[in-house]
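To start, the structure itself, in structure tokens.
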Amino acid sequence: MAKILLQFAHPLLEKSRVQKLMLKQARLIPGITINDLYEQYPDFDIDIKREQRLLLDHDIIIFQHPFYWYSTPAIIKQWLDLVLEHGWAYGGKGDKLKGKMMMQAISGGGSEQAYQPEGRNRFTIRQMLAPMDQTANLCKMEYLPPFVVYGTHKLQEADIEQYALEYGQVLSALKADRIDAAEWKSIQIINELCPIPESFKS
């Protein structure tokens, strides 16, 4: 069984619809460690050694967050800057994370069509997540396809619940090592392994 560390970041969780339900679903899965970064570090004073110990103790690191301005909430950038130290996470002798996996679980207001070369945002989600993909690569980690919830502003509660359930299925499959490289290397988003009905897409 893989050990999963869920690095959760939402600065306004009380106003969340999608991320709140996804987090609730994750909490139902035994053995997943949930590290709420804004709750843990309200002043952004990140405990580097604590975070590094958590990374060492887990096999799969998932950053769950809303997709803010084509990127992450600020605390994740702070976390990356401080925790992934040269000589520890990367560099000549920086191999502490080698062989581990990284994934993102994100939600955004734009529709799936908006994240296409011909769409309003001009780039695909995978293209926009390239910095995190490259961060994983630099740290000798495997970057898994992201779990993506598109069009959050237009989703009904039933749609959000469906996404949350599928997120739970993905987490359970990862934890039980039921998703192999041949599967995830051939897809753009990990949702494709548990597709939702077309009626749920915005």
Under the 7 Å Cα-to-Cβ spin-label approximation, GLU85 and ARG50 lie apart by a distance in nanometres of 1.6
Applied in sequence order to the range 83-90, the curve 6.51 cos²θ - 1.76 cosθ + 1.60 (Karplus, θ = phi - 60°) yields integer Hz couplings, x standing for Gly and Pro, of 7, 7, 6, 5, x, 10, 9, 8
Assertion target for LEU12, LEU21, ordered by fewest C-beta neighbours within 10 angstrom first, is LEU12, LEU21
Fewest to most Cβ atoms within 10 Å: LYS3, LYS96 sort as LYS3, LYS96
Cα convex hull volume per residue for the chain, in Å³, equals 119
Candidates LYS100, LYS15, LYS24; GNM for the chain (alpha-carbon contacts under 10 Å) flags as most fluctuating LYS15
Ranked by GNM mean-square fluctuation in the chain (Cα springs under 10 Å), the top entry among LYS98, LYS77, LYS20 is LYS77
With LEU97 itself left out, Lys, Arg at +1 and Asp, Glu at -1 over residues whose Cβ is under 14 Å from its Cβ give +1
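Every read-out reported here was derived from the displayed coordinates using simple, explicitly stated rules and does not represent laboratory data. Nothing here was measured: the structure is a model prediction, and the numbers come from that model. Here the Cβ is made from the backbone with ideal geometry for all residues, glycine too, and neighbour counts use every protein chain on show.
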